[in-house]
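For reference, the structure discussed in these notes is given below.
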Amino acid sequence: MGKFYIKMNDTASSFEAILQDSAGDAVNLTGSSVKFIMAKGSTVKVNAAATVVTPASGIVRYDWIVGDTDESGFFRAEWQVTDSTSHIQTFPNPGYDEVIITRDLGS
């Protein structure tokens, strides 16, 4: 489980992660698609396609868009992988990645 820090309304810093199985080994994402899901409480803030950067090494990235970071606070995040046989697996498991959006001085 990782932590990612970003200021409100910023979009320049992408969130990159290495998806790992329960043994801590990188998951091979060849032929898979990935969604990034981020929520605060029970409210989903982001549910969008992510980029598979290096399939064999399990590296994924989400590029923020306007509106994704317009609210400060602590958010839970996960990566939903659909493999080439349409099976779905969510990472990290158990738990979540954390996204911390802090207020900028201009907000």
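Read-outs throughout are calculated quantities, based only on the coordinates presented, and are distinct from any laboratory measurement. Values in this document were obtained by computation on a predicted structure and should not be read as measured data. For neighbour counting, all protein chains shown are included, and Cβ atoms are generated from backbone atoms with ideal geometry for every residue, glycine included.
If the condition is being of a type in the set (A, V, I, L, M, F, W, C), part of a strand (DSSP E or B) and touching a Phe, Trp or Tyr at 6+ places or on another chain (Cβ under 9 Å), then region 44-74 contributes 46, 48, 49, 60. Within region 20-36, identify whether any single residue is touching a residue at least 60 places away in the same chain (Cβ under 8 Å) and not in a strand (DSSP E or B), and answer yes or no. The answer is yes; a qualifying residue exists. Reported count of residues in region 57-107, each being touching a Ser or Thr at 6+ places or on another chain (Cβ under 6 Å), exposed (fewer than 14 other Cβ atoms within 10 Å of the Cβ) and over 16 Å from residue 40 (Cα atoms), is 1. Just one of (1) at positive phi; (2) touching a residue at least 60 places away in the same chain (Cβ under 8 Å); (3) surrounded by fewer than 15 Cβ atoms within 10 Å (Cβ to Cβ); (4) among the polar types (S, T, N, Q) fails for residue 9. It is (3). Screening residue 51 against (1) among the hydroxyl-bearing types (Ser, Thr, Tyr); (2) surrounded by fewer than 13 Cβ atoms within 10 Å (Cβ to Cβ); (3) more than 22 Å from residue 106 (Cβ to Cβ) leaves a single unmet condition, (2).
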